[in-house]
Amino acid sequence: MKKVSYFSVICLLLFFSIKYRHVASGQTLPKALADSLQQLIDTTANDSLRGRALNKLSFHYIFNDAAKALPLIDRGLQEARQHDLLFGESELLNTKAIYFDLAGNKDSAAHYFEQSLELSQRHGFTNVEVLTRNAMGLMFWKTGQFEEALSNFFSALEINETQFPDQRESQANYLSNIGLIYQELEQYNKAIAYHQQALFIREELQLLNGMAISYANLGVCEIKLSHYDRAENFYTLAIENAEAAGNMHMYFSLHDNLGNLYNLTERTTMAISAYRKSLERPASLVPNPKSKLSAYTNLASLHNKLAKPDTALVYANKGLDVLNAFPQLRNFADGLYFALAESNYMLGNISAGNKGMKEYKSILDSVFSDKNALALAEMEKKYESAQKDKSILEQQQIIQQKELAMQRMVLGALLLLVFILFAAGFFYFQFKRKEAAAKQATLELHLAEQKELARIQSERLRISRELHDNIGSYLTLMSASLEQLYLNDENVQLKIERLKDHLKMSLRELRSTVWLLKRQAVSVDEISIRLRDFFKPLHQNGTNIEICTEGNTDCLLSEIQTTHLFRVVQEAVNNAYKYAECRQIRVQIIIKINNEMCVLVSDDGKGFDQKQVKAGNGFLNMEARMKELNGSLKIISCPGYGTEVEGCFNLQC
């Protein structure tokens, strides 16, 4: 076996002491460096160097091949105690505690953390103490002891800034962890401030793994603040950096988070893909059964939503396999049993569905009971503490009876003064709160009145425009015809016939306008029938007008959508009838799969050159109506090849 030079050993350990000095989620080493450490362990005769190498390599295996980690740690501890290497022992105790923490054995983790902290403080190993403080903070965070976690993280940050100011990577880690605690306390803006401080340092140092952690934490905060686009961007950056850093533990866990974001924003297909990706975690990584259970639960629920109960049942059964292997996760399995019940109900398996629903309710009752038991235990602890305090107080009162008698008078006066001040402050606060509430109520009422007035005015303008644009034009034409009726007696009969036609058109327009205004919702089929009836006179005059529909014709349009659609079709058909010299006009109303409605009016007329003809009021009115529907309008025409008018807008079916 090739020997490693003493100089290269020193350089190698110096590199690791700088780059991997802190505890960070998913710490990993390049394969070449891991192999070099193993070679050093097998060849060096220096006990101290071998101990440091064992610690670094075991720490690497904790996140990449957990089965290899514990034997290396125990070997290192045995050699450190045998050769009285106290510094190496304190480091390895901290690493062993991290191993048990990640494996879910909190009691063992706490035991070894305390040993490491006591040894490092007793012998002044400040660099080990700061690592242990941070790791203990992570453990307290996972168990929901947020005050203890925050205390340890701030202690680690203070030690780092005073004793090791050049170790900016470690500073970033402690800032990030403080942000995590504020995240748990739902103080998301404060958490974001700490995460951004950590990210600034990590980007400056180009720490891919640390950048992935910061991006992931920022993504969680942005989701809580309902900034979903920002959250998705941060998660994407986190996944890219985790993969680039070789942190596959985080890489797969982040896909579970990304799936939750897609699920939250109703992107079901993308959510399913992300959950499946999170389940591709290799067996060599530290298992994450809770994440696995969550992914299977979400996949089952989403496939039920997609009306695929057979597939949902497959995922639900896989979730049950995880639960059987890790029964301690039962309190997190309520969603799994609900999805299982739902799948069986959809498949007609009523008995199995009832069984799943029974388990679901049982878990809910159990969780509720556990919370009650915890609350009772806290009350008992407070009661016992109060009883002890009372006993001590009684003894002190016996000893200091005369002194306390004098102090009571002073204390009584102070309490009375405090009570008066408190009462005055309380009543003043109540008065100001009621005053503010009255002002707020008045403001809201005023805003509601203004909003209603604006709505009524808008409706008045819309109705007046409908009457003016359609019926008004015909009445104006009739008035002009009446004025000229007796100027030329020879044409009286012809003018009367034309006047009758105008009157019929006015009545037809009035009926259509009233029909449009009195309907709150109209189906596509109703609109097509109304259009056929409306264009009958034109059809009888020799122009063939065809009305056809495609897609989901049961979709309902609002009153405003119906009015605008009807008027756009009317204008387009009238233009074709008047100017195109056509024999065939085709009106198509199409409902696409994405709920986009398109109306297409085409004719076989003479067409026109769009570059030479300027858009008139008719086209501008049609375009304005489509814009009010947040849609678009376009006209395609060519001399000799007819004209095509297409308008599209989105609707909710």
Among V569, V522, what is the fewest-to-most ranking by other Cβ atoms within 10 Å? V522, V569
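DSSP loop (so not H, G, I, E, B), at most 12 other Cβ within 10 Å: list which trypsin sites (Lys or Arg not before Pro) in the range 257-366 pass both filters. Numbers along the way, then the final one.
Details: sites: R267, R276, K277, K290, K292, K305, K318, R330, K355, K358, K361; in loops: R267.
For trypsin sites (Lys or Arg not before Pro) across the range 257-366 that sit outside H, G, I, E and B with at most 12 neighbouring Cβ atoms in 10 Å, the list is empty.
Could you compute the net charge surrounding S214? Neighbours are other residues with a C-beta less than 15 Å from the C-beta of S214; K and R count +1, D and E count -1. Could the numbers behind the result be given before it?
Numbers: positive: R168, R202, R230; negative: E169, E203, E204, E222, E240.
Result for the local shell: -2.
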Just to be sure I understand the model, the point goes 7 Å from the Cα along the line to the Cβ. What's the resulting L620 to D554 distance in nm? 4.3 nm
Cβ neighbours within 10 Å, averaged per peptide: list 431-442, 557-568, 591-602 in order, most packed at the top. 557-568, 591-602, 431-442
Nearest 5 percent is fine: what portion of the DSSP beta bridges confined to the range 521-650 is antiparallel? 75 percent
Using Cα centres only, tell me the gap between the range 568-618 and the range 70-126 in whole Å. 81 Å
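At 4 °C and 1.567 mPa s, grab the translational diffusion coefficient of the range 115-235 from Stokes-Einstein with a Kirkwood Rh over Cα pairs, rounded to a whole number in µm² per second. All intermediate terms of the calculation are to be shown ahead of the outcome.
Values: Rh = 14.7 Å.
It comes out at roughly 88 µm²/s.
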Return, ordered by residue number, the residues of the range 232-275 whose backbone nitrogen is under 17 Å from a label point located 7 Å along Cα→Cβ of A32. 245-246
E118 to A45: FRET efficiency via 1/(1 + (r/R0)^6), r the Cβ-Cβ distance, R0 35 Å, to the nearest 0.05? 0.70
Among C582, C648, C638, which comes first, then next, by fewest other beta-carbon atoms within 10 Å? C638, C648, C582
Per the rule of 0.36 nm per residue minus the C-alpha distance, extending Q612 to Q430 adds in nm 58.1 nm
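If you average 1/r across every pair of different Cα atoms in the range 521-650 and take the reciprocal, what Kirkwood value do you get, in Å? Display every interim value, and only then the final one.
On the way: mean 1/r = 0.0673 Å⁻¹.
That comes to 14.9 Å for the range 521-650.
Longer than 24 Å from Cα to Cα, which of K56/K106; K190/K292; K290/K361 are they? Say none if no pair is. Please report the intermediate quantities before stating the final value.
Working: K56/K106 22 Å; K190/K292 31 Å; K290/K361 20 Å.
In this structure, K190/K292 lie more than 24 Å apart at Cα.
Laboratory data are not the source of any read-out in this text; all were calculated from the coordinates shown. Keep in mind that this is a model prediction, so the values were computed, not measured. All Cβ positions, glycine included, derive from the backbone under ideal geometry; neighbour counts span all protein chains shown.
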